[in-house]
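Participant: Attaching a single structure in structure tokens format; questions to follow.
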Amino acid sequence: MKLVAASVDVGIGTQLLFVDILDTLRFMVKKLCGNKVTKRETRKIQRTLSDIATLIPITILMLLPVSAVGHAAMFAAIKRYMPYLSEASGYRSGFHSLRKPHSTGNNNRNSRSFNRNRSTSRESPKKKDNSSDKGGFLAMEEREASRKGATEAFGFNRKRAEGRDDSDRPKKNLQLKVRKLNPANTIAYVQILGTGMDTQDTSPSVLLFFDKQRFIFNAGEGLQRFCSEHKIKLSKIDHIFLSRVCSETAGGLPGLLLTLAGMGDEGMSVNVWGSSDFKYLVDAMKSFIPNAAMVHTRSFGPMLGPNGSSSNMSRKFDDPFVLIDDEVVKISAVLLRPRCIEVSDSIKGKSYELRSPESGVNLSKPGDISVTYICELPEIKGKFDPKKAAALGLRPGPKYRELQLGNSVKSDRENIMVHPSDVLGPSVPGPIVLLVDCPTSSHLQDLLSLQCLTPYYVDTAYDVPEGSKIVNCVIHLSPSSVTKTDDYQMWMSKFGAAQHIMAGHEMKNVEVPILKASARIAARLNYLCPQFFPSPGFWSLQNLNVASEAIAFDKSLLPRTRESIPAENLLKFHLRPYANLGLDKSGIPNLSSPSEIIEELLSEIPEIGDASQQVTQFWSDNQDTSAEKASMDAETIITEEPWLHEYTLPSCLENITREEMEIVLLGTGSSQPSKYRNVSSIFINLFSKGSILLDCGEGTLGQLKRRFGVQGADEAVRGLKCIWISHIHADHHTGLARILALRRDLFKGVPHEPIIIVGPRQLKRFLDAYQRLEDLDMQFLDCWHTTEASLEALESQEDNGMQESPAHIQGTKNGNTVGLVGENVDSTLFARGSRMQSFWKGPGSPTQIAAAIPILKSLKKVLAEAGLEALISFPVVHCPQAFGVVLQAANRINKVGKTIPGWKIVYSGDTRPCPELVKASRGATVLIHEATFEDSMVDEAIARNHSTTKEAVEVGDSAGAYRIILTHFSQRYPKIPVFDETHMHKTCVAFDMMSVNLADIHVLPKVLPYLKLLFRDEMVVDESEDVNLDTALA
């Protein structure tokens, strides 16, 4: 029987291999014709050739006239010398079940595999005992897997889970691209990159563009996503300059560095410049970014101590620092620091008395320094006059070129030297651009006193003193609270006829979505199902009315010397050619109203109008247990599956109200922000009881403001009770500092408690280092302290009133180490003594444990205020210290006194399917599970320790979860992921801004077919863009 099973495996494998060979030939022809072959196609070619080499000896053996015993002996010999044949396939039967799943780098030698048709997370012990009835290598492997324990039976990359997988780390030395400079640039301009303009959550960036070079000033959150939207290639950026070192201006920098490090075969780097405070940010980022990605980070200026004193007074603080000086541009930096302001009693309210730096400057802490950048282009040489050259005895030839380059030459006919001034017309001074960031009135006093800016001042727009440098454009990054003051307006007038662009936050820009592609998708989803996709906050009438008032107010304060204009997204100021010097508004995007987007949708998919009415009917028929009428109407548009009409509500949803809980999916993509999906973040809205944030990827604050509006997002941040972070990968936590900084500002001067951050231990190192830059007003709690075993042990310790040893605190049961929910984990991935256990086990210091107890008490208090009974973390299989989380609501009493159990939400974080996740998800009302890859890419899922769509659904089915929401999709699926509807009976795929109220959770799967209709022409994999999943973000 074993021989027959093996023969069938090989036969089926041969058929599958034939299909692979045909695909491989097609890819190879494509490559020979000069067309681009994607990485995925290249991997398939390599895998198919490997299959052919492996199958030949097996096929020969099967054809030989040998007895069954002889066949068994030969197969044993093959297994001895070809160990990978003993590994079961992760996603195919037949021949592929005889070889190890393929993965890139070194992952293929360190992956465990499992049979997708027999997921151990779903099987009972009885089924495992019956595995002996199966034949072939599969049966032998299943019995072996049962002996090794549950965690050995599913596929995962052990090296990656233990933090030893170096295949996706940047090389030791990331190289800068060396570009040949073009002194005679034909095109040069500055352009406003409107990051944060519509959400007012981050500082806009500014692009300085040359033919061969690109410079970006400020890298706030959302810069990567903005560049993807507007096709600005990050690989072309040479330098990034920060006007301040804080979350508002540098929030997008960590993700940007990691993305660049993962580009191409060798990775890339970019020069990043910041004031002396930049060192603190670099030190903080080292906790999760490899040093190789930051080798070209540079700081300038004296280091400041905690009391504001300078560690280097060898030069004046306000002397310019020349950062770039070549034949293309000279970029200098002038530092600003807040000064202590004393109001003079004699002229109170009229003027200020300033302390000099030598007499003591009151700086609160590092992070208060801001920078003004001066960008000077070289002068434009006068036009060469060949008649004058001929008159001076020069013949046409190389000497003409030397004169144009500014070199003197000897006359061909006369014994004289000819100088450039003899044959060139008058030179035109090179354009000058200033970027000014003056964040507070204290900085303004320093700005007004700067002597190094005197050469750039003029008396009036028409009276230019000799030796002055004419500034053509000043871009003001300063907030309106500073720019609207009389002192600032007078300072602006010193630049004469310069064009002033006010790039501080203007309410006018709130009505124009910066990410138009994402806004277009949001409008379409809102039309189809407004219950799950509410109208975005930036289209609210309240914002538009505020905007019009703000514009009228701004115009009354403009300086008289030259009209100042508010910055708009993609506004340009041309520097060269000189004939085009000035503003260019041609690239500014127009406002697309929702009605225009819907008209376009109806013209593309006429039946979507009826589909929208049918979706609305689900709520109209909400009280009717039989949805026959709705299903009959739906037959004309959507053929529904029988399971769509199942109507069995769990007891926790009995008499549920719309004010109980709402799940808002702020980011549903993986790895890095993309055009249509932001990175991971889930907002659990508990309405009047507050809110909880699960993961906080880059741009989370911006997404909150797009969902709730600018003011509504502020209220949401005020109501945050806790923020929980699953693991240390950058796409799950780099938006945290911006959220915490805003919350700190919102509660300034108001009594409040610091917010509790629950996360992996490495995250604390980042937050502690970052707080040297700006106060984050938070308390940190290790995820390990919130596992069920740890919570029980700590509560026991508290009840006993004694300090117990760390080993006891970890918890024991029957002599074994206790992990999740009292489970004996000696036979699991997290067994005592294993490398994974050493990563996720709790801190061994009694001091650390004692420090956690008061924070745990605070957490218990805020959870109770939010109506939650528990927040429980559990370990998952992804990387060291990766966790999932359970949110359990408290029981409630209905009007007749009946006790109704509380709802339960489980969030998987990033993980492979594992027993810990299944156990934690048992009886869940909603399981939010990552589904990074489609079902056919299980090899990649194993290599990266992620899950496929089907695996995620199987976990939910095994655990008996009522509803499953799939999220964290690979960015290779730009709009909607690839999925098989046959196993989606309780499932829906997530989109950014999707808002699922608990009262509507039963309707969720019914909407899925209509979503598929909406994207019927777009369910394709996008490999045209450089989507790199091999970075440290994944």
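Participant: Check Pro594, Pro606 and return the single one that is out of contact with any strand residue (DSSP E or B) (no Cβ under 8 Å at 6 or more places or on another chain), at pLDDT 90 or above and open to solvent by 10 Å² or more (accessible area, probe 1.4 Å). Break it down into steps so the answer makes sense when it comes.
Facilitator: Numbers: Pro594 fails: at pLDDT 90 or above.
Exactly one of Pro594, Pro606 is out of contact with any strand residue (DSSP E or B) (no Cβ under 8 Å at 6 or more places or on another chain), at pLDDT 90 or above and open to solvent by 10 Å² or more (accessible area, probe 1.4 Å), namely Pro606.
Participant: Here are some conditions: (1) farther than 29 Å from Asp198 by Cα; (2) in a helix (DSSP H, G or I); (3) open to solvent by less than 60 Å² (accessible area, probe 1.4 Å). Gln489 meets all but one. Which one does it not meet?
Facilitator: (1)
Participant: Now, a different point. Would you tally the residues in region 198-220 being outside any strand (DSSP E or B), open to solvent by less than 10 Å² (accessible area, probe 1.4 Å) and out of contact with any Pro (no Cβ under 8 Å at 6 or more places or on another chain)? Outline the logic, then answer.
Facilitator: Taking region 198-220 first, the residues outside any strand (DSSP E or B) are 198-204, 211-213, 218-220.
Of the ones still in play, those that are also open to solvent by less than 10 Å² (accessible area, probe 1.4 Å) are 198-199, 201-204, 218-220.
If we keep only those that are out of contact with any Pro (no Cβ under 8 Å at 6 or more places or on another chain) too, we end up with 199, 201-204, 219.
Residues that pass the stated criteria total 6.
Participant: Pairs, please: C-beta under 8 Å, at least 6 apart or cross-chain, first residue under 24 Å from Ile432 (Cβ atoms) and in region 475-488, second assigned to a helix (DSSP H, G or I) and polar (S, T, N, Q)?
Facilitator: From region 475-488, the pairs are His476/Thr483; Val482/Ser441; Thr483/Gln489.
Participant: Ok, one more. Every residue in region 516-565 that is modelled with pLDDT of 90 or more and not in a helix (DSSP H, G or I), please.
Facilitator: Answer for region 516-565, where residues must be modelled with pLDDT of 90 or more and not in a helix (DSSP H, G or I): Cys529, Pro530, Gln531, Phe532, Phe533, Pro534, Ile565.
Participant: Return the pairs, sorted by first residue and then second, in which the second residue is open to solvent by 10 Å² or more (accessible area, probe 1.4 Å) and β-branched (Val, Ile, Thr), the first residue lies in region 647-664 and is farther than 12 Å from Val926 by Cα, the beta carbons are less than 9 Å apart, and the residues are 6+ apart or on different chains.
Facilitator: What qualifies is Tyr647/Thr625; Leu649/Ile656.
This table checks each residue for (1) assigned to a loop (DSSP other than H, G, I, E, B); (2) open to solvent by less than 10 Å² (accessible area, probe 1.4 Å); (3) of a type in the set (Lys, Arg).
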| site | (1), (2), (3) |
| --- | --- |
| Arg922 | yes, no, yes |
| Ala941 | no, yes, no |
| Glu954 | no, no, no |
| Pro974 | yes, no, no |
| Val978 | yes, no, no |
| Asp992 | yes, no, no |
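Participant: So, Ala769, is that one within 29 Å of Thr787 (Cα to Cα), among the small types (Gly, Ala, Ser) and at pLDDT below 95 or not? Steps first, please.
Facilitator: Details: within 29 Å of Thr787 (Cα to Cα): yes; among the small types (Gly, Ala, Ser): yes; at pLDDT below 95: yes.
Criteria met by Ala769.
Participant: Could you grab me the full set of residues in region 230-269 that are in a loop (DSSP other than H, G, I, E, B) and under 29 Å from Ser478 (Cβ atoms)? Give the derivation first.
Facilitator: Kept after step one, since they are in a loop (DSSP other than H, G, I, E, B), are these residues of region 230-269: 230-233, 237-238, 242-243, 245-246, 251-252, 262-269.
His230, Ile232, Ile237, Asp238, Leu242, Ser243, Val245, Cys246, Gly251, Gly252 - these are the residues of region 230-269 that are in a loop (DSSP other than H, G, I, E, B) and under 29 Å from Ser478 (Cβ atoms).
Participant: Can you tell me which condition Glu869 does not meet? The list is (1) closer than 21 Å to Asn685 by Cβ; (2) in contact with a Phe, Trp or Tyr (Cβ under 7 Å, 6 or more places away or on another chain), and all the others hold.
Facilitator: (2) is the only condition that Glu869 fails.
Participant: Also, I was wondering about something else. Is it the case that Arg718 is under 15 Å from Leu746 (Cβ atoms) and not hydrophobic (A, V, I, L, M, F, W, C)? First the steps, then the outcome.
Facilitator: Numbers: under 15 Å from Leu746 (Cβ atoms): yes; not hydrophobic (A, V, I, L, M, F, W, C): yes.
When the stated conditions are applied, Arg718 passes them.
Participant: Being open to solvent by less than 10 Å² (accessible area, probe 1.4 Å) and either among the basic types (Lys, Arg) or out of contact with any Pro (no Cβ under 7 Å at 6 or more places or on another chain) (or both), is that true of even one residue in region 741-751? Outline the logic, then answer.
Facilitator: Residues of region 741-751 open to solvent by less than 10 Å² (accessible area, probe 1.4 Å): 741.
Checking which are either among the basic types (Lys, Arg) or out of contact with any Pro (no Cβ under 7 Å at 6 or more places or on another chain) (or both) leaves us with 741.
Yes: region 741-751 contains one or more residues that are open to solvent by less than 10 Å² (accessible area, probe 1.4 Å) and either among the basic types (Lys, Arg) or out of contact with any Pro (no Cβ under 7 Å at 6 or more places or on another chain) (or both).
Participant: How many residues does region 776-789 contain that are over 15 Å from Ala851 (Cα atoms) and free of Cβ contacts under 8 Å to residues at least 60 places away in the same chain? I'd like the intermediate steps shown before the answer.
Facilitator: Of all residues in region 776-789, those over 15 Å from Ala851 (Cα atoms) come to 776-777, 787-789.
Still in the list and also free of Cβ contacts under 8 Å to residues at least 60 places away in the same chain: 776-777, 789.
Within region 776-789, residues that are over 15 Å from Ala851 (Cα atoms) and free of Cβ contacts under 8 Å to residues at least 60 places away in the same chain number 3.
Participant: Of the conditions (1) among the polar types (S, T, N, Q); (2) farther than 17 Å from Phe532 by Cβ; (3) under 26 Å from the mean Cα position of the chain (by Cα), Thr987 clears all except one; give me its number.
Facilitator: Just one mismatch for Thr987, condition (2).
Participant: So, one more: Inside region 924-939, can you point out the residues that are within 13 Å of Asp980 (Cα to Cα) and in a loop (DSSP other than H, G, I, E, B)? Before you say what the answer is, go through the steps one by one.
Facilitator: Pass one, region 924-939, residues within 13 Å of Asp980 (Cα to Cα): 931, 933-936.
Ala931, Glu934 - these are the residues of region 924-939 that are within 13 Å of Asp980 (Cα to Cα) and in a loop (DSSP other than H, G, I, E, B).
Participant: Taking only pairs six or more apart or across chains, which ones have beta-carbon atoms under 9 Å, a first residue in region 737-758 that is of a type in the set (D, E, K, R), and a second residue that is assigned to a strand (DSSP E or B)?
Facilitator: Listed by first residue and then by second, the contacts come to Arg738/Cys696; Arg743/Leu720; Arg743/Ile755; Arg743/Met778; Arg744/Met778; Glu753/Gln779.
Participant: Mind counting the residues in region 618-676 that are modelled with pLDDT of 55 or more and of a type in the set (Asp, Glu)?
Facilitator: 5
Participant: If we keep just the residues of region 282-293 that are in a helix (DSSP H, G or I) and either open to solvent by less than 10 Å² (accessible area, probe 1.4 Å) or among the β-branched types (Val, Ile, Thr) (or both), which is farthest from Leu763 (Cα to Cα)? Let's see the steps before the verdict.
Facilitator: Quick first cut of region 282-293, residues in a helix (DSSP H, G or I) only: 282-285, 291-293.
Now drop any that are not either open to solvent by less than 10 Å² (accessible area, probe 1.4 Å) or among the β-branched types (Val, Ile, Thr) (or both), which leaves 282, 284-285, 293.
Details: Val282: 15, Ala284: 10, Met285: 10, Ala293: 19 Å.
Checking each candidate, the answer is Ala293.
The values are calculated or read from the model by the stated rules, or taken from the named source; none is laboratory data. Given the structure is predicted, the values throughout are model-derived calculations rather than measurements. Virtual Cβ from ideal backbone geometry, glycine too; neighbours counted across all protein chains shown. Areas reflect the complete protein model, heavy atoms only, side chains present, ligands, DNA and RNA absent. Shrake-Rupley method; radii C 1.70, N 1.55, O 1.52, S 1.80 Å.
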